[in-house]
1. Using the Karplus equation 6.51 cos²θ - 1.76 cosθ + 1.60 (θ = phi - 60°), what ³J(HN,Hα) coupling, rounded to whole Hz, does each residue of segment A:98-112 give in order, writing x for Gly and Pro?
2. Tell me the net charge near A:GLY207. Cut-off is 12 Å between Cβ atoms, A:GLY207 excluded, with +1 for each Lys or Arg and -1 for each Asp or Glu.
3. Rounded to the nearest 5, what is the percent of antiparallel bridges among the DSSP beta bridges in the protein assembly as shown?
4. What are the residues of segment A:147-172 that lose 20 Å² or more of accessible area, with a 1.4 Å probe, going from their chain alone to all protein chains?
5. Among the DSSP beta bridges whose two residues both lie in chain B, what percent are antiparallel, rounded to the nearest 5?
6. Based on the alpha-carbon gyration tensor of the protein assembly as shown and its eigenvalue square roots a ≥ b ≥ c, which shape applies: rounded if a/c is under 1.5, prolate if not and a/b is larger than b/c, or oblate?
7. What residue among A:LEU134, B:ILE188, A:MET56 has its Cα farthest toward the positive end of the dipole of the protein assembly as shown, where the charges are +1 on Lys, Arg and -1 on Asp, Glu, each on the Cβ?
8. Going 7 Å from the Cα of B:LEU276 along its beta-carbon direction, which residues of segment B:59-82 have the amide nitrogen within less than 18 Å of the resulting point?
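The values are calculated or read from the model by the stated rules, or taken from the named source; none is laboratory data. Every value quoted in this text rests on a predicted model; they were computed, and no experiment measured them. Reconstructed Cβ throughout: ideal geometry from the backbone, glycine too, with neighbour counts over all protein chains shown. Please note that ligands, DNA and RNA were not included when accessible areas were found on the heavy atoms of the full protein model with its side chains. Shrake-Rupley method; radii C 1.70, N 1.55, O 1.52, S 1.80 Å.
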Amino acid sequence: MSFLSNLISGLSLGSIYALIALGYTMVYGIAKMLNFAHGDVIMVGAFTVIVAVNSMGLPAVLGIVLSVLICVVMGVTIERIAYKPLRSSPPLSVLITAIGVSYFLQSLALIIFGSTQKSFPKVFNMEPVHLGELTIKGESIETLVVTTAIMIGLTLFINKTKMGKAMRAVSEDRAAAELMGISVNKTITVTFAIGSALASVAGLFFGATYGFIGPYTGSMPGIKAFVAAVFGGIGSIPGAMLGGILLGVIENLAKAYISTELSDAIVFGVLVLVLCLKPTGLLGKKINEKV
Amino acid sequence: MAVKPSERIMVPLPSHSIVPIEDMHKAPVLQTHQLGIDFGGLTAVNNLNLAIGPTEICGLIGPNGAGKTTVFNLLTNVYQPTRGTILLDGYDTKGKSCDQVSKMGIARTFQNIRLFGKMTVMDNVKIGMHNQLHTSLLSSVTHGFGYKQAEKKAYDKAKELLDFFGMADLRHHQAGSLPYGAQRRLEIVRALATNPKILLLDEPAAGMNPSETAELMENIRRIRDEFQIAVMLIEHDMNLVMGICEGICVLNYGEIIAKGTPDEIKANPKVIEAYLGKKADK
């Protein structure tokens, strides 16, 4: 039974990674850049909940809505100020700018909140569920339910709506999409907005699961989620979901059965192995270069 | 896209236009005036003056590297011109982005096919109709508030367009899996779906066999007649160019060296020189 409960908490952790990985993969697919500041949006989202609930005394629901709104505005603003002027610059300049934005957000949080970790409010008050011998944490169930709903919603949005189709068109051939009358700027703005909203939700679940948030909290899940996106095939939306969930499960099972200290090494080892066998990731598209 | 009336500029027709007589009394759909672009120190296109009638089929020919595709890239604002002006339906396109120019009524195909290969044929056409589909985000999520109606209308129009080219049966296929000729046709359908006033075709007959080329010529004529739009095409297949174009521009080293009817072009010594070289002195 402990295997099953480890698996479920792995799935729950993995679906948080998947939410963050979706932001990486969508931005990569559409804006063709690696937004390394994405992980820090999680931290900003979590801190917003802390401030709203602990300091301002707002109800948890309002805190969550506020956190999503702030992250969306911040993500779109970062894109406008830091990335948009570099749209036609070499990818390396954009990458370095993204790292710069990441440090900027971390330092800002350090100035405002200090270096000690703040405790995350109890936004979910669900009791653990007992199924026979199996005990499932309330947070795990809530995380799984919400992330599954979000992923289904996102898949429908991408496949069914006009904006979703425009996003797929831009990710396949930006210039051709633009000549079909699709505004690339608008599409990129929407992508950053969605990515940041997903990150803020991830921040919420991350805070609820671990209980403490500090200025650097976002960087490790951010990097893991980036790994998950590459693992699943960067640019592919189902790939990010699959990669995130697998990564979480592997990490949790490695912690439970092999070694807590080695769990990260095992996760990255699996990544190296997958990329050796399938360089484009699990669901990555094959690039046919015509000669 | 709202264009203020004050932005509308009318310039007199250049005397060297190649607009057919029946179009003479109508304003040209596309005009360029002294258009030029430099890449660093290299002048790729220079002093380009064009005027294309609203229902004209116009050919743009020239040896390889003459700057023909660069002209298309200028007309669709993929490149911003270094000099000169472009008037699309009387409106200046200066400073507009590609998607804005598309909304103003210009559509194109590409020399090497650039379909959205992973999407279905139908979705490719619907992408072309992006700016005519007015469904809000909310209504597309809730599937209410006229969403179904708008979707149905778009679907019907897309199907009609595909039908026009005998491709309606292929609508659920993945675009990338179609045979080459069908992909070329689909690119034209997708461009037409943007509801253009002028359609630019970049080497539409490339890689086609003679019977496919004949069908393409027929299709280009039908597009003009049915949709009442102008067509401008870059092509190396002289049978096609001479067969359907009413006016032809010959480009060499980025400048127009000749304009006229197919017969005038065929007899023009400058054109023959550009294509075949100078006659040897006896």
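1. For segment A:98-112, the Karplus-derived couplings read 4, 5, x, 4, 4, 5, 4, 5, 5, 5, 4, 5, 5, 5, 6 Hz, x marking Gly and Pro.
2. On the way: positive: A:LYS118, A:LYS122; negative: A:GLU139.
Net charge in that neighbourhood comes out at +1.
3. On the way: 26 of 42 bridges.
Expressed as a percentage, antiparallel bridges in the protein assembly as shown total about 60.
4. Buried by the other chains: A:PHE157, A:LYS160, A:THR161, A:LYS162, A:LYS165, A:ARG168, A:ALA169, A:GLU172.
5. Percent antiparallel among DSSP bridges in chain B is about 55.
6. prolate
7. The one lying farthest along the dipole's positive direction is A:MET56.
8. Counting backbone N atoms under 18 Å from the label point, the list is B:62-64.
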